[in-house]
Amino acid sequence: MVEDVLFESESRRSREEIAAYLRTVADSLEAGEALTLRQGDDSVTVDPPARPTFEVKTEREGPADGPGELSVEFELEWDEERASDAAGDLEIE
């Protein structure tokens, strides 16, 4: 299986900024709208189905005997063949 990264963004943000991004995603999911992620000239639009797989994961990376890096990941997964091609006007930068 090959993984092809279509869009990636990583930046330090305040808790409030992150909450605003997540609210935008939550509102679009609830309304059944496609999600468009955009940063600069890069963008991707995806249209999750009504019942995607939702994965929540917490990880710790680093040495077993010292401080490391913690992360919380939220992931939606679905089969591409079941996805719609509809585009939405949501923008997350």
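The values are calculated or read from the model by the stated rules, or taken from the named source; none is laboratory data. A quick note: this is a predicted structure, and the numbers were derived from the prediction, not measured. A quick note on method: Cβ atoms are made from the backbone with ideal geometry, for glycine too, and the neighbour counts reach across all protein chains shown.
Given the structure, is residue 59 out of contact with any His (no Cβ under 9 Å at 6 or more places or on another chain), exposed (fewer than 10 other Cβ atoms within 10 Å of the Cβ) and without any contact (Cβ under 8 Å) to a residue 40 or more places away in the chain?
So residue 59 fails the test.
What's the total number of residues in the stretch 14-46 that are in a strand (DSSP E or B) and among the β-branched types (Val, Ile, Thr)?
Total meeting the criteria: 4.
Please name all residue pairs, on different chains or six or more residues apart, with Cβ atoms under 8 Å, provided the first residue is in the stretch 72-86 and is modelled with pLDDT of 75 or more and the second residue is basic (Lys, Arg) and not in a loop (DSSP other than H, G, I, E, B).
Taking only residues 6 or more apart or on different chains, the pairs are 72/57; 73/57; 75/57.
Can residue 14 be described as exposed (fewer than 14 other Cβ atoms within 10 Å of the Cβ) and at pLDDT 95 or above?
Yes: the conditions hold for residue 14.
What is the one condition in (1) of a type in the set (Asp, Glu); (2) out of contact with any Leu (no Cβ under 8 Å at 6 or more places or on another chain); (3) at pLDDT 95 or above that residue 33 does not satisfy?
The one condition residue 33 does not meet is (2).
Evaluate the stretch 45-52: report whether one residue or more is among the hydrophobic types (A, V, I, L, M, F, W, C), within 20 Å of residue 72 (Cβ to Cβ) and surrounded by 11 or more Cβ atoms within 10 Å (Cβ to Cβ).
no
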